[in-house]
Every structure is written in structure tokens, then in C-alpha cells.
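Right, one structure below, let's go through it.
The values are calculated or read from the model by the stated rules, or taken from the named source; none is laboratory data. Every value quoted in this text rests on a predicted model; they were computed, and no experiment measured them. Cβ placement follows ideal geometry from the backbone for every residue including glycine, while neighbour counts extend to all protein chains displayed. Just so you know, the surface numbers come from the protein's heavy atoms only, side chains and all, with ligands and any DNA or RNA stripped out. Shrake-Rupley method; radii C 1.70, N 1.55, O 1.52, S 1.80 Å.
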Amino acid sequence: MEQYEPDRLSPAQEAAIRRSFRNGRAALSRRSLLRASAGGALAVGGLGALSACGIPAAGNTQGGVSAEDHSKEEKTVSFSNWTEYMDVDDSGRKHPTLDAFTRRTGIKVKYTEDINDNTEFFGKIKPQLAAGQDTGRDIIVLTDWLAARLIRLGWVQKLDPANLPHAFANLSPQFRSPDWDPGRAYSYPWQGIATVIAYNKKALDGVEVRTLSDLLDNPKLKGRVGLLTEMRDTMGLTLLDMGKEPEKFTADDYDAALARLQKAVDKGQIRRFTGNDYTADISKGDFAACVAWAGDVVQLKADNPDIDFLIPDSGYMMSSDNLLVPNKARHKANAERLIDYYFEPRAAAELAAYINFVCPVEGVKGELAKIDEDAANNPLILPDKAMQAKSRAFRSLSSEEETAFEEKFAKLTGA
């Protein structure tokens, strides 16, 4: 059985957090990340405190701890989300889908955008969770790896399928059974995050790109290729390119993929490893091609006709941000009703039209077309079945693996 690690982060994990704060997905708001200048950094404090609080290793558990549910007498639900990760009206003050939920159910939503980074947010809620106390939140949104950790710690509650008929029926097949929550007993995806290859047609100047190998090996692209500082995304695509399965790879497979990338670094093929700031490089043509997040590419294509994307022949990586109900939440049934609401096609379409990430809900296209026909036909928002079949997920890691893999990746990237 996996043991709890000391109450601290390893140097490699601290470095990964710094990269995320500096220019990874955590650095800029979901909706506005492309509106910021390249290389801009947010001042995010508290890394020392995070190092002190640590993230305990996952342990086996039979599920979270419920509290007395006050949903019937208290028509409210507290929802903590990432910044700029919800639809807003033209005034920028109201959230149409949340308001519609309240009108229908009478349940008022206390909506707070107080998540800027997984680890930072975990530092906020860990003391209460570890002490078996209510966090004051009924729904939280965490990325795969941290969602997996909380489930294994027994710090989130098992969901009641009776309250989730739309979620069960309409969940897209590619999100149905992650290895860290088979059958989605404890979580449902809020949005999907696809990692693909973006390219600048003008900068490519006729060079054909179909695979990650083309980026790593073609001498015509030397010094004009970008890879991500997010380990799971870059390593996942590399493993796929080498014919390995990101869901099942071994430590030897990981080392072989690292060696593959190191060879490209050594010969000057890779211009640099980046976070969100690749958006400026690809737009200007400093990158001819790069590993990119689909949510960015949607906006890049809208702003620059030279930008496009491809799905590598070997497949692409998919992760998700996930809705969970923490232990001791006072309004579990209300939380489940809200989760289920966002798996109704109309609500899901309104959300997808605004935030442009991968929608995890089947049967949305007709509703989305009424709002934004281009979005409805965009495979980066609504992947068709062929594209869904090519999505792959990075497997869960033990604490020992995470430390070792991050250390090796940090040496590769020079972090």
C-alpha cells in the first residue's frame, strides 16, 4: 500500500509549480490568456507556504465522508471554480447559465472564482479536509492529477447516480472512465483540455508536418519548434509518437521518450520549452510548429488565418478539469443537481460557446449551432467520434514516480 509522504513537496514538484505559476496553464485566466502579452508573469505568492503544507501521497480509501445534507431546507450551493471559466453576460457581472439554474430550481448559487492553481487551492482547503471539517464549498473544480489524489485520500464524496441522470446519459465516451475514477463514481468533467500540434502556415513555408517526429527530426524546422513545460502533455505526445501507450507506459518507456527529446534538444531542433507564452511565438512565426492547448488554438485561429492545428497520426493527449463534492459539504444533493444541469445540452452549449474548451457533453451540437455555428463545427470544441477515438490520457502516477519523472523532465527543459 502506498505510504503518506512527508508533509512537503519535492524540489522537482516545487519546480513544476513555479513553471505553472510563471507561464503554464495556471498563469493566466482561462478566457483571457491570449489577450495578455507574451512572457507576462503573474505575481503569485505563497510558494513557500505550499512547500510547507505539501500534498500527501494518495492512499487507498473506500470513499469520502458525508455530512448531514441540508439541501432541502437550505436552497443554496457553494461553487468554487477557476477564474474566467464560466459564461458571463455583456455586463460581465452575471452568469446566464447559473441564473437559469436558480430560476428553475430555486437554488441560489454562491459562485466564487478562487482557484488559480491546483496546488495553491489545495493549500487553502487541506487543513479542513485533513481535520474532517467542512471547507465551506459544495463543488470544487480540480485537474485530473489532483482530483485523483483527493479521491484516493478519501476527501471527496461518492456521487449519487439518482441525482445525475443527464450526466450519466450525456457524458462523452472519451471521459467516461479515467483510471483514477473508473465509471465516474466521484467526479464529472467540467471541461476537457486537448493537447495538439499547432503550426503557422507562413512559417512552415511548404514543409509538411503530420507527426511529432516531423517536429523533432526535420532539419528544415531546426530552431523553430516549441514544446510545453507541462510534463504530462509533452511526454504523453512523445510516448504516443514512439508507439507507447500513455495509459500503460513503464519507467523504461519514460526514459526512452526523454532520450528521444534530449536528442532533439542537443541538435538544436527545439527553440524552447514554454507555457502559454507560445501563443506569441507561433503567431509571429518564431515557432513554425509547437505543442499547444486546443483552447488557445481556437482563439489563435480566429485572430490569425495562418494558424492551424493537426492531430498527430499517433493520437493526442486529453485531460480534464473535474467537478467534485468535498467531504462534509452541507448541500450535496444541491451540488449534484447543479452538476447534472451542466450535462443538459442547452446549458452545456451556452458554456462551450463562451469558454471554447472541449465540451464533455454528447448531443450538444444542435444547441451550440443556434448560438455559434462556427463553434459547433469546431473539432477542438466538439470532437467528432473519429477524433474522440484518438484521444489518450496520461496514467496516474505514484508519489515516487511523480517526483522522479518531474526531476528528469526538469533537467531536460532546463527548469
Looking only at segment 334-371, and only at residues there that are part of a loop (DSSP other than H, G, I, E, B) and within 19 Å of Thr105 (Cβ to Cβ), the one that is most open to solvent (accessible area, probe 1.4 Å): Glu344
Look at Lys390 and say whether it is over 28 Å from Thr250 (Cβ atoms) and open to solvent by 10 Å² or more (accessible area, probe 1.4 Å). no
Within the set of pairs 6 or more residues apart or between chains, which connect a residue that is of a type in the set (Lys, Arg) inside segment 353-368 to a residue that is assigned to a helix (DSSP H, G or I) with Cβ atoms less than 7 Å apart? Lys365/Ala376
For His70, all conditions in the list (1) within 23 Å of Ala353 (Cβ to Cβ); (2) assigned to a loop (DSSP other than H, G, I, E, B) hold save one; what is the number of the exception? (1)
Are any residues in segment 346-379 of a type in the set (Phe, Trp, Tyr) and in contact with a strand residue (DSSP E or B) (Cβ under 9 Å, 6 or more places away or on another chain), and if so, which ones? Phe357
Select from segment 112-132 the residues that are assigned to a helix (DSSP H, G or I) and of a type in the set (Gly, Ala, Ser) and write down the one among them that is nearest to Lys328 (Cα to Cα). Ala130
Go through segment 188-207 and give me each residue that's of a type in the set (Ser, Thr, Tyr) and either over 23 Å from Leu380 (Cβ atoms) or touching a Gly at 6+ places or on another chain (Cβ under 8 Å) (or both). Thr195
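For (1) open to solvent by 10 Å² or more (accessible area, probe 1.4 Å); (2) among the aliphatic types (A, V, I, L, M); (3) touching a residue at least 12 places away in the same chain (Cβ under 8 Å), each residue gets a yes or a no:
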site	(1), (2), (3)
Tyr111	yes, no, yes
Asn116	yes, no, yes
Phe122	no, no, yes
Gly136	yes, no, yes
Ile151	yes, yes, yes
Val156	no, yes, yes
Leu164	no, yes, yes
Mind checking which residues of segment 220-239 are open to solvent by 10 Å² or more (accessible area, probe 1.4 Å) and in contact with a Ser or Thr (Cβ under 8 Å, 6 or more places away or on another chain)? Thr229, Glu230, Arg232, Asp233
Residues in segment 272-316 that are of a type in the set (A, V, I, L, M) and farther than 14 Å from Thr195 by Cα: how many? 6
Kindly indicate the residue of segment 240-265 that is under 24 Å from the mean Cα position of the chain (by Cα) and aliphatic (A, V, I, L, M) and also most open to solvent (accessible area, probe 1.4 Å) among those meeting that condition. Met242
Give segment 266-275 a look and list any residue that's open to solvent by 10 Å² or more (accessible area, probe 1.4 Å) and either within 8 Å of Arg224 (Cα to Cα) or in contact (Cβ under 8 Å) with a residue 12 or more places away in the chain (or both), or say none. Lys267, Gly268, Ile270, Arg271, Arg272, Phe273
Trp180 being outside any helix (DSSP H, G or I) and in contact with a strand residue (DSSP E or B) (Cβ under 9 Å, 6 or more places away or on another chain): no
Residue among Val77, Val109 that is in contact with a Lys or Arg (Cβ under 9 Å, 6 or more places away or on another chain) and in a strand (DSSP E or B): Val77
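Conditions (1) farther than 25 Å from Pro182 by Cβ; (2) touching a Pro at 6+ places or on another chain (Cβ under 6 Å); (3) of a type outside the set (A, V, I, L, M), marked per residue:
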position	(1), (2), (3)
Val297	yes, no, no
Leu300	yes, no, no
Pro305	yes, no, yes
Tyr316	no, no, yes
Pro326	no, no, yes
His331	yes, no, yes
Glu344	no, no, yes
Pro360	no, yes, yes
Leu368	yes, no, no
State whether one or more residues within segment 81-93 are open to solvent by 70 Å² or more (accessible area, probe 1.4 Å) and at pLDDT 95 or above. no
Report whether or not Ser187 is of a type in the set (Ser, Thr, Tyr) and open to solvent by 20 Å² or more (accessible area, probe 1.4 Å). no
How do the strands (runs of 3 or more DSSP E) wholly within segment 216-323 filter down when requiring 3 or more residues that are under 19 Å from Ser391 (Cα atoms): which remain? 289-293, 307-310
